[in-house]
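The values are calculated or read from the model by the stated rules, or taken from the named source; none is laboratory data. For clarity, every value in this text was computed on a predicted model and none was experimentally measured. A quick note on method: Cβ atoms are made from the backbone with ideal geometry, for glycine too, and the neighbour counts reach across all protein chains shown. Ligands, DNA and RNA are stripped out before the accessible areas are found, and what is left, the full protein with its side chains, is counted by its heavy atoms. Shrake-Rupley method; radii C 1.70, N 1.55, O 1.52, S 1.80 Å.
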Amino acid sequence: MRLENKVVIITGAGSGIGKETALLFAREGAKVVVADVNEKAGEETVVEIKKNGEGFFVKLDVTNREQSKQMVKTTMEKYGKIDVLINNAGIVQDALIFKMTEEQWDRVIDINLKGVFNCTQAVVEVMINQGNGVIINTSSIVGLNGNVGQVNYAATKAGLIGMTKTLAKELGRKGIRVNSVAPGFIQTPMTSSVPDKILEMMKEKTPLRRLGEPKDVANAYLYLASDEANFVNGAVLCVDGGLVI
Ligand code: NAP
């Protein structure tokens, strides 16, 4: 039980990496707040959690500042503290630069970058009052290396690394650790439409010769959320099979 009695908010916990993390954290003793814009998917995650753990669903669009504040209020009313926030929700809307629309640019920036600002700002006061807390931001190796067709996504994921390092400096003295995880190619609904040919190419390029699974990232979140990472602050942990080396 590496997270016994910890209260953890996970955004985007209705699907993929976030869902896997919610189930793992519940098995490790955490009380999990499943925050997702997708009500059906989020409620399904909670049903699975409740088979051997505790948690509840909050409908949250991370772009909505009022909903972010309400999520924190509801969590405090129910559990009285917030130990961990995982800013995991994210989307892609890919296009080459000369074809990308302003709507595609704005939507990805709003969810992936401003959404993290909204949720972080909403929990920070609680964590400062507690004198402790952990924030984990989900970046990507695309934020480190770039990727063709993902100028909007890469900008957000690189931006999250800057946010993580800044917040680690601002909040460290308040007992709050802020770290980032940069996954490589992980098999989730987000990547399900990638053609087989590209998947094979990704495997060949990866020193470990396989694609990532949601549990690979969930285990990295678990380490950073746990007390085992008590002196880890401002880090970017790549979970990519060695793709970016
Ligand atoms: P996923 O399976 O698509 O899950 C993302 C979840 O976030 C979905 O439930 C989605 O709901 C929800 N969501 C979308 N917009 C939201 C909003 N405005 N507010 C709240 N929730 C929202 O994605 P994933 O692959 O698990 O990705 C999780 C994180 O890892 C993302 O930040 C992603 O950028 C990052 N990442 C993924 C990979 C990869 O290869 N999969 C690699 C590097 C980084 P809907 O389904 O209704 O949209």
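Table for the structure above
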item	result
Reference-scaled alpha-carbon Rg (2.2 N^0.38 Å with N residues) for the stretch 106-187	1.15
The chain, dipole about Cα centre (Lys/Arg Cβ +1, Asp/Glu Cβ -1), debye to the nearest 20	460 debye
Positive-pole candidate from Val58, Met202, Gly133, dipole of the chain, charges at beta carbon	Gly133
On Cα atoms only, tilt of 39-49 relative to the major axis of the chain in degrees	60 degrees
Values of log10 I(q)/I(0), in the order q = 0.10 Å⁻¹, for the stretch 119-245 under a Debye, Cα-only, solvent-free model	-0.35
Binned Cα-Cα distances of the stretch 49-136, short to long, each 5 Å bin given as a whole percent	3, 13, 20, 21, 16, 11, 7, 5, 3, 1
For the stretch 52-119 versus the stretch 186-245, the gap between their alpha-carbon centres in whole angstrom	21 Å
Highest to lowest packing among 217-228, 47-58, scored as the average C-beta count within 10 Å	217-228, 47-58
Degrees, to the nearest 10: 196-205 long Cα axis against longest axis of the chain	80 degrees
Estimated FRET transfer efficiency (Asn132, Lys99; beta-carbon r; R0 35 Å; 0.05)	0.15
Area of Val134 that stays accessible when all protein chains are in place (1.4 Å probe, Å², to 10)	10 Å²
For the stretch 7-239, diffusion coefficient by Stokes-Einstein and Kirkwood Rh (Cα), 25 °C, 0.890 mPa s, µm²/s	138 µm²/s
Nearest-0.05 FRET efficiency for Asn145 and Asn52, computed from C-beta distance (R0 45 Å)	0.70
Candidates Ala235, Ala89, Ala35, ranked by Gaussian network fluctuation over the chain, Cα under 10 Å, top entry	Ala235
Carbon plus sulfur fraction of accessible area for the chain, probe 1.4 Å, in percent	52 percent
Positive-pole candidate from Val8, Phe185, Val232, dipole of the stretch 7-239, charges at beta carbon	Val232
Å² per residue, accessible surface of the chain at 1.4 Å	48 Å²
Rounded to 10°, Cα long-axis angle of helix 151-171 versus longest principal axis of the chain	30 degrees
